[in-house]
Amino acid sequence: MYTSHEDIGYDFEDDPKDKKTLKPHPDIDGGWAWVMVLSSFFVHILIMGSQMALGVLNVEWLEEFHQSRGLTAWVSSLSMGVTLIVGPFIGLFINTCGCRRTAIIGGLLNSLGWVLSAYAVNVYYLFITFGLAAGFGSGMAYLPAVVMVGRYFQKRRALAQGLSTTGTGFGTFLMTVLLKYLCAEYGWRNAMFIQGAVSLNLCVCGALMRPLSPGMDGDGPEGKAPHHVLPAHSTESIRSSGQLRDAEEKRGGPGTEDSSLGDAPAQACQEKAAHRKDMCAFRLLKTVSQLTMRVRKGFWDWYSGYFGTASLFTNRMFVAFIFWALFAYSSFVIPFIHLPEIVNLYNLSEQNDVFPLTSIIAIVHIFGKVVLGIVADLPCISVWNVFLMANFTLVLSIFILPLMHTYAGLAVICALIGFSSGYFSLMPVVTEDLVGIEHLANAYGIIICANGISALLGPPFAGWIYDITQKYDFSFYISGLLYMLSGKESTCQCRRHRFDP
């Protein structure tokens, strides 16, 4: 559901040589590649699904801490925003440590954030434990899941990414039901503790992210070609023979063998101990040297990939597209966070408990991504026309939402929001149309940061508007208006331009 890397093969270390060596690998487009899809699918369920279900916990936090809606909404916004904003920086970990280690560490950090949040004494505590810690862990686990799918697939990459990202919709539905049940049965604190234990499955998903064979994958240190060094036993034999000769010379040659026969075992033990010390020091020095080179190379790849693209910002249409992305995502996130509270204000809690409105958005969103993607691929239809129509439908739904005060009316609007927001699957296509395929990865990383800022600021903005006006209506009107104005110039003009490097 997040547009960060859902529908492109995002690879921080792609180059023509790597792509040539990937083709003959038996796991490309088959075999273990489908395990990668399954792993990524569950990562989307555990991370994106749980984040989209945070509206359930937002209601509990309002009742527990008695803070303003604007301040409380910062908890969910920080978690969502940090997950997206840190995406480009997680590339440094991937280039240095590889996808598997990064995802496992992210799973541990995410789980720790959930568990520590169960002991929160105020909202500000949640800012650190859940917003920052769990959010950063989510980013570390989420990005490798998308990157590995892109590396394992070439011909079927779009299909694989599409299948894996449907986990977001399923996760939103499942996590909403799970969190509501856990909060009702055990309270929100125990619910977060249990969810922290469930999040440890991210480590299992990370362990499944097996890098391709050495020399055939660019996955950080785990997939690089092995260095040609002498085997340990060869080095040992050379050093041992040298030490034996030195010891023989010190003893005065072969003539003194009989006199020193009694001291031979002790000398052998000393020589063996000294040899082990030398080898340990040698291996430690070699490890430190390799780690230093790895970090330097990873940092340079990361820096050149994200900060060496100043020419992208000379493209005025791309800059306008970034401005649009700043407001687009907030219009989608705000309903997820505040709909449970809106339902309570309209006295529709009983009907919403039967089938939550956020689950309607999530389920229809899955079909929206598939249908819009199929329609956009038709030769007689322009992808930009589909993209613009979906955006127009989403804006119209945001404007109509405050006018609905019945469950049936809200359900229809939520279905429209879910279906039209399926245009996120078209984001890589229209971005490529603006900047070209060679700049797609870097340009898309910038779009992700813009979406993260949007997710970070949108829900608190809606909460502040409610604190001032005692209504959510104006927050939807303002966000929809900003969405429409920012997209007017960018989306209508960008389709007539293409970046010329």
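The values are calculated or read from the model by the stated rules, or taken from the named source; none is laboratory data. Source: prediction; values computed, not measured. Note: ideal-geometry Cβ built from the backbone for every residue, glycine included; neighbour counts use all protein chains shown. Areas reflect the complete protein model, heavy atoms only, side chains present, ligands, DNA and RNA absent. Shrake-Rupley method; radii C 1.70, N 1.55, O 1.52, S 1.80 Å.
Roll a 1.4 Å probe over the protein chains and send me the accessible area per residue for region 334-376 in Å². Please list the in-between numbers first.
Numbers: 1660 Å² over 43 residues.
Value returned for region 334-376: 39 Å² of accessible area per residue.
Convex hull volume of the Cα atoms in region 87-147, per residue, in Å³? The partial results should precede the final answer.
Numbers: hull volume 3.9 nm³, N = 61.
Hull volume normalised by residue count: 64 Å³.
In whole angstrom, how long is each semi-axis of the equivalent ellipsoid of region 328-411, when you take the square root of 5 times every eigenvalue of its Cα gyration tensor and sort them from largest down? Intermediate results must be reported in sequence, preceding the final value.
On the way: eigenvalues 167, 37, 20 Å².
Over the Cα atoms of region 328-411, the ellipsoid semi-axes are 29, 14, 10 Å.
Put a dot 7 Å past the Cα of A197, heading toward its Cβ, do the same for F392, and the two dots end up 5.2 nm apart. Using a cutoff of 8 angstrom between alpha carbon atoms and counting only pairs six or more residues apart, the relative contact order for region 56-188 works out to 30 percent.
All other residues whose Cβ lies under 12 angstrom from that of A73 are scored, Lys and Arg at +1 and Asp and Glu at -1, for a net of -1. What residues of region 161-193 lie in the reach of a label at D353, counting those whose backbone N is under 13 Å from a point 7 Å from the Cα along Cα→Cβ? Those under the cut-off are 180-185. A straight chain from S289 to F323 at 0.36 nm per residue would run longer than the Cα-Cα distance by 7.9 nm. Packing, taken as the mean count of other beta carbons within 10 Å per residue, orders the peptides 392-402, 116-126 from highest to lowest as 392-402, 116-126.
Each of the peptides 320-327, 42-49, 60-67, 417-424 was scored by the mean count of other Cβ atoms within 10 Å over its residues; in descending order, highest first, they stand as 42-49, 417-424, 320-327, 60-67.
Taking a sphere under 14 Å around the Cβ of I342 and counting the other residues whose Cβ falls inside, with K and R at +1 and D and E at -1, yields a net charge of 0.
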